Each structure stands twice: as C-alpha cells, then as structure tokens.
Ligand SMILES: [Zn+2]
C-alpha cells in the first residue's frame with residue numbers, strides 16, 4: 001500500500017515528519033511507532049477510528065493531525081490511559097505530552113477526556129465539527145493553550161476554567177447550542193470594550209442587541225473587573241459620618257457585587273456575602 005511505502009521510506013531516512021493523509025487508512029500501521037524522531041504526523045482524511053497503543057513511543061511528536069476521520073473518542077494514547085495504566089510503567093503513561101498542535105476536526109467525538117490536562121505543552125487544539133457536549137474543566141490546566149476551536153459542536157456552555165488559560169487569545173465557539181452568551185466571552189468583551197482603541201470597542205455599536213445585553217453588566221467591587229452574570233452578591237456597611245462626612249451616626253448596608261470567589265476570598269475588603277448563585 002502507498003502508506004506502507006511512505007513509512008518504510010521514512011524509517012530509512014530517520015524522518016521527523018510523516019504525511020499519511022488521504023490514504024484511505026483504517027488502521028494506522030504499527031511500524032509508525034518505530035519513527036521515534038517524528039515531530040509531525042499527518043493522518044487526516046482517512047477512516048481511522050482508533051490509534052495503536054504503540055504510538056506511545058513517539059515521544060517527540062509535536063503536531064498530530066487526525067482531522068476528517070471516524071474517531072468516536074479521543075484516542076487513549078493522547079492521554080486517557082486508564083485502561084493502559086495498569087500495564088504500563090509510570091514513565092510511559094503520558095508520553096505524548098510534547099504535543100503542541102492537535103487537530104481532531106471533523107470526527108464524531110462526544111467528549112474530551114479530563115486527562116487532556118496532561119498535554120501541558122498544547123498550544124493549538126482544534127475540535128471543529130464534532131459532537132462535543134461539554135468541555136471538561138480540566139481544560140484550565142492547559143497553560144500553553146493559545147488557540148482553541150470548538151466551532152460546530154453541541155456545547156451548551158463553556159467552562160469558567162478557560163479563564164485559567166492565560167495564553168488563550170483565540171477562542172472559536174460558533175455554531176453550538178450555547179444557551180446564553182457565555183460569561184467567559186462576556187467578560188472578555190466587556191474588558192475589551194473599556195479600551196477605546198480596541199476593535200471590540202469600535203465594533204460593538206454595530207451590534208445593538210449585543211450592546212444592550214452587555215449594558216446589563218456590572219463591575220466587581222474588589223478587582224473592578226467587568227462581568228455580566230452576578231457571581232456573588234455582597235453587602236458592605238457604610239458609616240455615614242465617617243465614610244460620607246454626613247452628620248449622622250447611622251450605618252447603612254450597601255449592595256456590592258463581586259466577580260469571583262477569588263476576589264471574595266481576597267483579604268483586606270469588608271464585603272460580606274449574602275447570596276450566591
Ligand atoms: Zn473581582
């Protein structure tokens with residue numbers, strides 16, 4: 001087969017990249033696992049529904065393209081090795097952790113396993129056009145993630161933990177079943193809107209319904225950051241004489257909104273939680 005020839009050629013040359021796309025492959029040849037210097041492996045446009053465990057030996061692999069195949073789940077070699085853990089020595093459990101680019105577009109994947117958090121070097125994750133119903137909170141562990149494409153799935157919400165991905169600059173989530181404007185996006189847009197030179201600030205007036213929705217947003221009493229959905233409702237007590245220089249000794253409760261438990265738990269403020277959502 002054509003793919004067999006490519007592998008043999010690659011083996012002799014000590015290849016660092018291997019292109020097996022559009023070869024009508026159902027089963028990835030196990031000998032691919034002998035190309036231990038591979039950093040790029042293209043398997044897109046085939047009929048692959050699983051990956052052989054042997055691929056664990058590709059310790060240098062940085063880019064893996066599995067787009068347009070028949071995967072119904074994220075292959076176990078990418079992290080969720082629960083079934084393999086018992087048989088593998090500890091140092092062999094998470095060997096594809098050097099992955100930087102992972103393309104799973106156009107498959108039938110329903111869930112991302114929580115073990116995806118092992119792919120700590122992952123920068124680009126693309127799961128466009130799958131059947132994802134949710135994104136695991138463990139996505140927040142992907143500290144290097146700069147771009148994630150979740151377009152055309154069945155997501156009803158995005159996890160708050162996306163906040164923790166500090167490098168994240170591109171988030172695509174169009175064509176899903178998102179029930180409402182996700183808070184994570186709302187906060188980003190509200191924050192950007194504060195900068196009058198930003199693209200979002202200039203474009204927002206062109207989307208009056210979005211602007212109207214965002215106008216319901218508030219500002220955190222602790223960090224002053226914007227948010228749309230009230231996270232925590234608090235009260236603080238204002239002493240009219242001392243704080244407001246008024247001629248009365250009255251102390252009145254004033255409503256204050258806080259954006260996160262992180263802010264609420266911060267020391268040095270006098271906001272008391274009264275209700276949570
Ligand atoms: Zn805050």
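FYI, it's all coordinate maths here, none of it is from the lab. In this text the structure is predicted, and so the values were computed from the model without any measurement. With ideal geometry, Cβ positions are generated from the backbone for all residues, glycine too; neighbour counts draw on all protein chains shown.
Quick one: helix 183-193 against the long Cα principal axis of the chain, what's the angle to the nearest 10°, folded into 0 to 90?
70 degrees
Going by C-beta contacts inside 10 Å, put 99, 171, 78 in order with the fewest on the left.
With the fewest neighbours first, 99, 171, 78 line up as 171, 99, 78.
Using 7 Å Cα-to-Cβ label points, what is the residue 235/residue 24 separation (nm, one decimal)?
With each label placed 7 Å out from Cα toward Cβ, I get 7.4 nm.
Using Cα atoms only, what is the angle between the long axis of helix 2-13 and the major principal axis of the chain, expressed in degrees (0 to 90) to the nearest 10?
90 degrees
Computed over the Cα atoms, what is the radius of gyration of region 139-274 divided by 2.2 N^0.38 Å, N being its residue count?
Numbers: Rg = 18.4 Å, N = 136, 2.2 N^0.38 = 14.2 Å.
Normalised by 2.2 N^0.38 Å, the Cα Rg of region 139-274 equals 1.29.
Please report the antiparallel percentage of DSSP beta bridges with both residues in the chain, rounded to the nearest 5.
Approximately 40 percent, going by the DSSP bridge assignments.
Report, as a whole number in µm² per second, the diffusion coefficient that Stokes-Einstein gives for the chain at 4 °C and 1.567 mPa s using the Kirkwood radius over alpha carbon pairs. The partial results should precede the final answer.
Working: Rh = 21.8 Å.
Rounded to a whole number, D works out at 59 µm²/s.
Ranking 202, 34 by Cβ neighbours within 10 Å, fewest first, what do you get?
Working: 202 11, 34 15.
In order of increasing Cβ crowding within 10 Å: 202, 34.
Sorting 50, 239 on the 10 Å Cβ count, fewest up front, what's the list? Could you put the intermediate results ahead of the total?
Values: 50 16, 239 13.
With the sparsest Cβ surroundings first, the list reads 239, 50.
Could you work out the relative contact order of the chain, using alpha carbon pairs under 8 angstrom and six or more residues apart, expressed as a whole percent?
Dividing the mean separation by the residue count of the chain yields 9 percent.
What value, in deg cm²/dmol to 500, does the helix sum -39500 (n - 2.57) over DSSP H runs of n ≥ 4 give at 222 nm once divided by the residues of the chain?
Mean residue ellipticity, 222 nm, calculated: -4500 deg cm²/dmol.
Expressed as a whole number of Å, what is the distance separating the alpha-carbon centroids of region 23-74 and region 191-243?
Between the Cα centres of region 191-243 and region 23-74 lies a distance of 46 Å.
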